[in-house]
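The values are calculated or read from the model by the stated rules, or taken from the named source; none is laboratory data. As the structure is a prediction and not an experimental result, all values here were calculated from the model. Cβ sites come from the backbone with ideal geometry, for glycine too, and all protein chains shown count toward neighbours. Areas reflect the complete protein model, heavy atoms only, side chains present, ligands, DNA and RNA absent. Shrake-Rupley method; radii C 1.70, N 1.55, O 1.52, S 1.80 Å.
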Amino acid sequence: MNKRVLLIAATTGYQVREFAGAAQALGVDLVLATDRCHILENPWGDQAAPIRFQDPEPWLDALAARGPFDGILAVGDRPAWIAAQAAERLGLRFHPAEAARSAGNKLLARERFRSSGLHVPEFRRIAQTEAALELPAPVQFPCVLKPLESSASRGVIRANNSGEFRAAASRIRRMLEGDLLVEDYIPGREFALEGVVTSGKLQTLALFDKPDPLEGPYFEETIYVTPSLEPEGVQRQIRETAQSAVSALGLTNGPVHAEMRVNDRGVWMLEAAARPIGGLCARVLRFSEPYDILEQVLLLHALGEDVSNGRLLPGAHGVMMIPIPRAGVYRGVSGVEDARRVPGVEDVVITAKEGQEMFPLPEASAYLGFLFSRGVSADRVVEGLRAAHRRLEFTLSSTLPVVK
């Protein structure tokens, strides 16, 4: 009988399909649980189990009835927290629920990092209404305002003075509810680490450089490239600090996607999320045998198998999350075939749909698409991604104002 893995995901989107393909290749039965209407019977034909992400507790027994399961995984921060609760109920290996909750909440993570002696900027929690109307004291400029629970830099804004502070708070309030975290701006170069944790020990699968500066006022991530070009001493410091962050949060078994900044004072953790890298970005990682893609590694790890021999294929690997230049309705793109002909470019994937309204950061919650490139060096890969991006021309029509 095939092993069975429960996957909790916010939508039946790109990464869910990657997991489905990986499971089929491994001979694993994948059972999906997602936030959808429980009244309609199998509306998408995928036999997914319904679960309410805002109130998962009443649905956990129904998930258990779909079992037994041999492993559990999640796509997204809130699904990771729900997977952790389900794992405790079902007796499966995963991160503890409290650790997953702390990892997905910027304030709780900051508090745990500080208690463990990691580099942490000065920070405080404030109400949105307070921030929009009156500057709380003391605030050190420049500072960064961010929602307590968000991802992909959505709602994250740098403020250099009191006017920008109030404007940023008002702008975040229009898109997201809840209190804000205000912290001192951390200068430095930014990196991302992809790994898995086994019995509390972090195994690094990839360390990404982010070659584009992320200095604000918004923090739009574009290019990830691995292996890192940083000296081995800096890379070792990043890995060690990421391990300390994992321990501080109490993460024990499962995927981890960590973000950090490095400056002359050391490594500053931004987050250590209890989930894998999101969207189609995971396609940038290709492994030597016996694995192929990240989702296979994660499925086998969830089943308790040793994946410590997981190694990336030789060479450099890069992805560009195609930024949205301005707000508008997506009407199409030209130059895709020209972009594919750039040396080293492996694929151009446009995920925007015609008629879809697109917003740049800080409101953005999606990308126009993804570019993938491989080459002999990280420099070549980055050059290829930039060249391919220059060949793309997106048509975004202005949205008409609503007349009342």
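A compact table of results
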| read-out | value |
| --- | --- |
| Heavy-atom SASA rank of 141, 19 (probe 1.4 Å, accessible area, largest first) | 141, 19 |
| Average silhouette area of the stretch 68-182, convex hull of alpha-carbon atoms, in square nanometres | 8.3 |
| Choice from 160, 253, 105 showing the highest fluctuation, given a GNM over the chain with Cα pairs closer than 10 Å | 160 |
| Kirkwood Rh (inverse of mean 1/r, distinct Cα pairs), the stretch 132-223, angstrom | 14.9 |
| Residue-level accessible surface for residue 306, protein heavy atoms, 1.4 Å, Å² | 110 |
| Diffusion constant of the stretch 339-384 at 25 °C, which comes from Stokes-Einstein with the Kirkwood Cα-pair radius and 0.890 mPa s, µm²/s | 201 |
| Translational diffusion coefficient (Stokes-Einstein; Kirkwood radius from C-alpha pairs) of the stretch 225-282 at 20 °C, 1.002 mPa s, in µm²/s | 173 |
| Formal net charge of residues neighbouring residue 360 (Cβ-Cβ distance under 10 Å; K, R +1; D, E -1) | -1 |
| Span per principal axis, largest first, for the Cα atoms of the stretch 272-352 (Å) | 46, 30, 18 |
| Choice from 363, 393, 190 with maximal GNM fluctuation in the chain (Cα, 10 Å cutoff) | 393 |
| Mean ellipticity per residue at 222 nm, deg cm²/dmol - from DSSP H runs of n ≥ 4 across the chain, formula -39500 (n - 2.57) | -8500 deg cm²/dmol |
| Whole-number percent relative contact order across the chain, with pairs defined as alpha carbons under 8 Å at least 6 apart | 15 |
| Those aspartates and glutamates that a straight Cα-Cα span of less than 19 Å connects to residue 201, excepting residues fewer than 8 apart in one chain | 98, 240, 259, 271, 305, 306 |
| Average accessible area per residue (Å²) across the stretch 88-173 - probe 1.4 Å, nucleic acids and ligands excluded | 47 |
| GluC sites (Glu not before Pro) restricted to the stretch 137-179 and DSSP loop, no more than 11 other C-beta within 10 Å | 177 |
| Listed residues 171, 17 arranged by accessible area, highest first, probe 1.4 Å | 17, 171 |
| Heavy atoms of residue 81: accessible area, 1.4 Å probe, square angstrom to 10 | 70 |
| Whole-percent carbon and sulfur share, accessible surface of the chain, 1.4 Å | 49 |
| Cα Rg, Dmax (largest Cα-Cα span) when computed across the chain, Å | 21.1, 63 |
| Per principal axis, descending, Cα span of the stretch 133-184 in whole Å | 25, 20, 14 |
| Cleavage-rule hits, GluC sites (Glu not before Pro), the stretch 216-307, DSSP coil, Cβ neighbours within 10 Å at most 15 | 305 |
| For the chain, built as a Gaussian network whose Cα springs stay under 10 Å, the top-fluctuating residue of 24, 243, 15 | 24 |
| With eigenvalues of the C-alpha gyration tensor scaled by 5 and rooted, the stretch 178-256, Å | 23, 19, 12 |
